[in-house]
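Novice: The structure that follows is given in the form of structure tokens.
The values are calculated or read from the model by the stated rules, or taken from the named source; none is laboratory data. Given the structure is predicted, the values throughout are model-derived calculations rather than measurements. Every residue, glycine among them, receives a Cβ derived from its backbone with ideal geometry; neighbour counts consider all protein chains shown. Just the protein is used for accessible areas: all its heavy atoms, side chains included, with ligands, DNA and RNA removed. Shrake-Rupley method; radii C 1.70, N 1.55, O 1.52, S 1.80 Å.
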Amino acid sequence: MAPDDPPQVPRPAGQPSFPVARPRRLRRTPALRRLVAEARIGVDDLVAPLFVREGIDGPVPISSMPGHSQHTVDSLLAEAKRLVSLGIPGLILFGVPAHKDSNGSEAWNPEGIAQRALRALRDSVGDEIVLMADLCLDEYTDHGHCGLLGADGTVLNDPTVALYQRIALAQAAAGADVVAPSGMMDGQVSAIRAALDGAGHDQVAILAYAAKYASALYGPFREAVDVQIAGGGDRRAYQQDPHNRREALLEIAQDVAEGADMVMVKPAMTSLDVLTEARHSVPVPLGAYHVSGEYAMVKAAAAQGWIDGAQVALEQLVALKRAGADFVLTYFAAEVAEALGA
Ligand code: PBG
């Protein structure tokens with residue numbers, strides 16, 4: 001055997017032997033690597049989350065999410081135009097009202113900040129970018145929970161879902177292409193679908209936050225929407241327990257059965273197993289939400305010079321595609337689109 005011959009796979013006697021595969025042959029040049037890439041992250045995969053806040057004169061930077069701000073309607077429009085020019089196909093909007101109350105009534109007020117912003121977006125960027133509206137109450141309630149509180153402090157399911165129906169109608173009337181219920185109430189998707197259809201909004205789609213874990217990775221988001229959960233509480237009684245995978249698949253299957261047009265898994269990097277399993281069993285488009293804490297961790301380590309933030313971002317986002325996501329909601333959207341276009 002010549003020194004350069006590939007090693008032989010030993011085979012049982014009588015069977016031919018084959019050279020061992022040598023995967024490094026296909027890693028030699030950038031073109032070879034591109035040719036054989038199994039998963040890709042591209043501009044078309046990105047959805048950018050944006051925050052619009054009532055009662056501010058100019059954008060307010062979110063300190064735990066470097067590069068992101070709470071927007072005025074004007075600065076929101078400018079940012080949306082920039083996303084359009086980068087070729088990003090979707091944005092998801094979160095509203096931060098000036099006044100919060102116990103039932104979150106600004107969430108469905110036709111003149112509420114999210115609805116005003118949606119109308120302005122529809123007028124200025126219209127169909128150039130998909131307008132998604134996060135559909136929840138936590139940004140609007142003074143106690144910071146995603147639903148109505150009962151006398152004992154628990155979040156009530158069905159009365160909350162009735163309010164979600166009102167929010168859906170307000171967002172649809174204001175021009176949302178997609179409403180994205182994120183409160184993890186049981187039955188929210190079918191109730192919202194019925195409300196939309198009943199009001200003639202049959203073309204408004206639902207992106208369900210289907211498998212949404214109770215996670216400390218949403219920390220920076222609380223600054224972004226000015227939310228403190230009353231009494232230092234948490235959302236473990238309605239969001240999912242991170243110990244469970246089968247339960248996530250049940251949540252997803254149920255949302256699809258209830259009429260979700262698209263489903264989403266969140267947080268992203270801690271849910272790769274769920275994404276992969278869902279990809280095999282779920283016929284609708286599947287999203288992953290790379291959340292505020294995931295963004296903040298990369299930014300913080302990069303700011304220290306400990307990692308190359310841009311490379312780590314790409315590595316994480318492509319891992320989500322490889323795991324099975326069709327699209328990714330990420331605070332890196334604009335940055336990655338710029339890098340990919342460069
Ligand atoms: C609820 C909602 C949250 C996020 C998206 N929608 C907060 C929560 O569930 O506690 C978190 C997103 C992020 O951390 O980037 N309206």
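Novice: Helix 246-257 versus the longest principal axis of the chain: what angle, 0 to 90°, nearest 10, using Cα atoms?
Specialist: Tilt of helix 246-257: around 60 degrees.
Novice: What whole number of Å gives the distance from the Cα centroid of the stretch 222-264 to the Cα centroid of the stretch 22-70?
Specialist: Cα centroid of the stretch 22-70 versus Cα centroid of the stretch 222-264: 23 Å apart.
Novice: About its Cα centre, how strong a charge dipole does the stretch 180-226 have in debye, to the nearest 20, once Lys and Arg get +1 and Asp and Glu get -1 at the Cβ?
Specialist: Computed charge dipole of the stretch 180-226: roughly 120 debye.
Novice: Could I ask something else about it? Taking θ = phi - 60°, what integer Hz values does the Karplus form 6.51 cos²θ - 1.76 cosθ + 1.60 yield along the stretch 209-225, in sequence order, with x for Gly and Pro?
Specialist: Result, rounded to whole Hz: 6, 7, 10, 10, 7, 5, 9, 6, 6, 8, x, x, 4, 5, 5, 4, 10.
Novice: Can you run the Rg to Rh ratio on the chain? Use alpha carbon positions and the Kirkwood inverse-distance Rh.
Specialist: Rg/Rh for the chain comes to 1.05.
Novice: Give, to the nearest whole percent, the P(r) tail of the stretch 132-178 beyond 14 angstrom, counting all Cα pairs.
Specialist: That fraction is 51 percent.
Novice: What number results when the radius of gyration of the stretch 181-262, computed over Cα atoms, is divided by 2.2 N^0.38 Å?
Specialist: Expressed relative to 2.2 N^0.38 Å, the Cα Rg reads 1.23.
Novice: Suppose each label sits 7 Å from its Cα in the direction of the beta carbon; what would the Val73-Glu128 distance come out to in nanometres?
Specialist: The answer from the label model is 1.9 nm.
Novice: Taking 0.36 nm per residue of separation and subtracting the Cα-Cα distance, what length does fully extending Arg246 through Asp142 add?
Specialist: Residue separation times 0.36 nm, minus the Cα-Cα distance, leaves 34.1 nm.
Novice: Give me the percent of accessible area attributable to carbon and sulfur for the chain, probe 1.4 angstrom. Please report the intermediate quantities before stating the final value.
Specialist: Values: 8380 of 15760 Å².
Looking at the chain in its full context, I get 53 percent from C and S.
Novice: So for the chain, taking the charge dipole from beta-carbon charges (+1 Lys/Arg, -1 Asp/Glu), which of Tyr238, Pro89, Leu317 sits furthest toward the positive end?
Specialist: My answer, from the dipole projection, is Leu317.
Novice: In square angstrom, what is the accessible area per residue of the stretch 186-342 with a 1.4 angstrom probe?
Specialist: Accessible area per residue, the stretch 186-342: 43 Å².
Novice: Under a Cβ-only charge scheme (Lys and Arg +1, Asp and Glu -1), can you give me the dipole magnitude of the chain about the Cα centre, in debye to the nearest 20?
Specialist: So the magnitude is around 1560 debye.
Novice: Here's another thing I want to ask about it. What are the ³J(HN,Hα) values, in whole Hz, obtained from phi via the Karplus relation 6.51 cos²θ - 1.76 cosθ + 1.60 with θ = phi - 60°, for each residue of the stretch 131-147 in sequence order, with x given for Gly and Pro?
Specialist: These are the phi-based 3J(HN,Hα) values: 9, 9, 10, 4, 10, 7, 10, 4, 6, 10, 8, 6, 9, x, 8, 7, x Hz.
Novice: Could you let me know the centre-to-centre spacing of the stretch 82-150 and the stretch 278-342, using Cα atoms, in angstrom?
Specialist: A separation of 23 Å, based on Cα centres.
Novice: Would you calculate a helix-derived [θ] at 222 nm for the chain, using -39,500 (n - 2.57) for each DSSP H run of n ≥ 4 and dividing by the full residue count, to the nearest 500?
Specialist: Calculated from helices alone, the mean residue ellipticity at 222 nm is -11500 deg cm²/dmol.
Novice: For the Cα atoms of the chain, what angle does the longest principal axis make with the long axis of helix 73-86, in degrees from 0 to 90, nearest 10?
Specialist: So the helix axis and the longest Cα principal axis differ by about 20 degrees.
Novice: Something else: How much net charge surrounds His290 when only the other residues with a Cβ under 13 Å from the Cβ of His290 are counted, with Lys and Arg +1 and Asp and Glu -1?
Specialist: -1
Novice: If you don't mind, there's one more thing I want to ask. Take the Cβ-Cβ distance between Leu32 and Ala253 as r, set R0 to 41 Å, and report the resulting FRET efficiency rounded to the nearest 0.05.
Specialist: The formula returns an efficiency of 0.55 here.
Novice: Additional query: Tabulate in residue order the Karplus-calculated ³J(HN,Hα) for the stretch 36-41, using 6.51 cos²θ - 1.76 cosθ + 1.60 with θ = phi - 60°, rounded to whole Hz; enter x for Gly and Pro.
Specialist: After applying 6.51 cos²θ - 1.76 cosθ + 1.60, I find 9, 4, 7, 10, 9, 10 Hz.
Novice: So, one more: State which stretch of the chain is the longest one without any exposed GluC sites (Glu not before Pro), exposure meaning a DSSP loop state and at most 15 other Cβ atoms within 10 Å.
Specialist: Longest stretch, sites excluded: 112-342.
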